[in-house]
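Read the structure below first, then the notes.
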Amino acid sequence: MTKSIRKYALMLFMCMSPLAAFALDSQELPDVKEGIVTLETKDPVKLVGYTVGDVIEREVTLTIKAPYKLIDTSLPIPGYEKRYRGQLIGIELKSIDHVKKESKKQTVHHIKLAYQVFTNNVVAKNAALGPEYLNLINTADKKELVKYRVPSLTIAISPIAIFGQVKVENNMSPLLGPLLMTNDKEMRYLKISLAAIALSLLGLLYILGKSAWLPRMGGAFAKAYRTVRKTANNEDGVKQAISTLHQGLNTTAGMSVFSDNLASFLHKHPDFYPIKSEIEEFFGLSRRIYFEPSFKLAGKHGADLNPHQWLTRFARHCRDCERGLIPEPMKAGA
């Protein structure tokens, strides 16, 4: 009976000894060996300007290699007020979120810490989140307890209001980086302006371009316009221009186009309808040039006034219609 009591007492002591060890002050434990723990932190970008009520969030990811394990009871406890150089700083751990993923080789702990500010002062003052000490146990040798120190994060707490005269340059925290002027708004306007300019230039290229770089730019009248512009301003040049434009009409229609079948041409190619009167005048000019020997280039009105100039503009209008554009009508007598 005595032996049974002794065994029971020994088992009870062995079960209670780890709990007693866990209750030790973390700072009294030896540090964990290098290479056992890998730390990654995600700290807030803002390090200054915190006031009463602000919440500061920090994420810590610990990767612990086997056989070491984190003792969950050593995690920070919500409601614990932080200290800086032994003095209470008025920052309290509001909440903690702990998620871990275990495997045979390691355990990954993802810890989210949320601190809240409960202090204020007439001047800006420095404070620190941490350091946090976490206890680890060697599962292969449960007598080995070690600690790991999560580095502290230094911040600055600002007053709600400043009393008296203050020089800003002397009151700025050294944690505050250089003050940069943002140019996001100007860059957005610049990009919009560049896009508008590009579209405008593309439109001008489409309207005034002579090469076949874009769709519908290499049609029969695009080529005819380039040829007509190069013809001489004399009777032979006018005849060559008229012949070139006749060829352009025939190529576009796929048949010979004259005044008697003009309605059929316009029905199949409605883009040319805005210059119907110009096409009719072109056929009249062609008839006078080729079939009226007494015709003279120095006419009195319309196409007869300056046939070469009129044919050049007519060729450009045909090219615009070919591209789906509506040309500006010629003025009467031009």
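The values are calculated or read from the model by the stated rules, or taken from the named source; none is laboratory data. What you see is a predicted model; the values in this text were computed from it and never measured. Methodologically, a virtual Cβ is constructed for each residue, glycine included, from the backbone with ideal geometry; neighbour enumeration extends over all protein chains shown. In case anyone asks, the SASA skips ligands and DNA or RNA and just uses the protein heavy atoms, side chains included. Shrake-Rupley method; radii C 1.70, N 1.55, O 1.52, S 1.80 Å.
This table checks each residue for (1) in a helix (DSSP H, G or I); (2) open to solvent by less than 100 Å² (accessible area, probe 1.4 Å); (3) at pLDDT 65 or above.
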residue: Leu201; (1), (2), (3): yes, no, yes
residue: Leu204; (1), (2), (3): yes, yes, yes
residue: Lys210; (1), (2), (3): no, yes, no
residue: Arg216; (1), (2), (3): no, no, no
residue: Phe221; (1), (2), (3): yes, yes, yes
residue: Arg226; (1), (2), (3): yes, yes, yes
residue: Arg229; (1), (2), (3): yes, no, yes
residue: Val238; (1), (2), (3): yes, yes, yes
**Message:** Checking Glu144 against (1) modelled with pLDDT of 80 or more; (2) more than 35 Å from the chain's Cα centre (by Cα); (3) within 15 Å of Ile56 (Cβ to Cβ): exactly one of these is not met. Which one?
**Reply:** (3)
**Item:** Top-ranked residue of the stretch 284-307 - restricted to ones that are surrounded by fewer than 18 Cβ atoms within 10 Å (Cβ to Cβ) and assigned to a helix (DSSP H, G or I), ranked as modelled with the lowest pLDDT
**Value:** Gly302
**Asked** Would the stretch 106-119 turn up any residue that is at pLDDT below 85 and over 21 Å from Lys33 (Cα atoms)?
**Response** yes
**Message:** Quick check on my filter: what residues within the stretch 244-276 are surrounded by fewer than 15 Cβ atoms within 10 Å (Cβ to Cβ) and farther than 13 Å from Cys318 by Cβ?
**Reply:** Gly254, Met255, Ser256, Phe258, Ser259, Asp260, Asn261, Ala263, Ser264, His267, Lys268, Pro270
**Out of His308, His246, His317, His267, sole residue that is within 24 Å of Gly203 (Cβ to Cβ) and out of contact with any His (no Cβ under 7 Å at 6 or more places or on another chain)** = His317
**Asked** Out of curiosity, is Lys94 within 30 Å of Gly35 (Cα to Cα), modelled with pLDDT of 85 or more and either of a type in the set (Asp, Glu) or touching a strand residue (DSSP E or B) at 6+ places or on another chain (Cβ under 6 Å) (or both)?
**Response** no
**Message:** Let me spell it out: the conditions are (1) under 14 Å from Glu322 (Cα atoms); (2) open to solvent by 80 Å² or more (accessible area, probe 1.4 Å), and Glu280 meets all of them except one. Which number is the exception?
**Reply:** (1)
**Search result, residues across the stretch 110-145 that are surrounded by fewer than 16 Cβ atoms within 10 Å (Cβ to Cβ) and closer than 11 Å to Gly90 by Cα** = Phe118, Asn120, Asn121
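Would you list the strands (runs of 3 or more DSSP E) that sit entirely within the stretch 81-155 and hold 1 or more residues that are β-branched (Val, Ile, Thr)? Let's see the steps before the verdict.
Numbers: elements: 81-84, 87-102, 106-117, 125-129, 132-138, 141-150.
Correct list: 87-102, 106-117, 132-138, 141-150.
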**Request:** Mind counting the residues in the stretch 20-30 that are surrounded by 11 or more Cβ atoms within 10 Å (Cβ to Cβ) and modelled with pLDDT of 85 or more?
**Result:** 1
**Request:** Within the stretch 215-267, count every residue that is under 18 Å from Phe291 (Cα atoms) and touching an Asp or Glu at 6+ places or on another chain (Cβ under 8 Å).
**Result:** 1
**Request:** Could you list, in sequence order, all residues of the stretch 45-56 that are surrounded by 15 or more Cβ atoms within 10 Å (Cβ to Cβ) and of a type outside the set (Val, Ile, Thr)?
**Result:** Leu47, Tyr50, Asp54
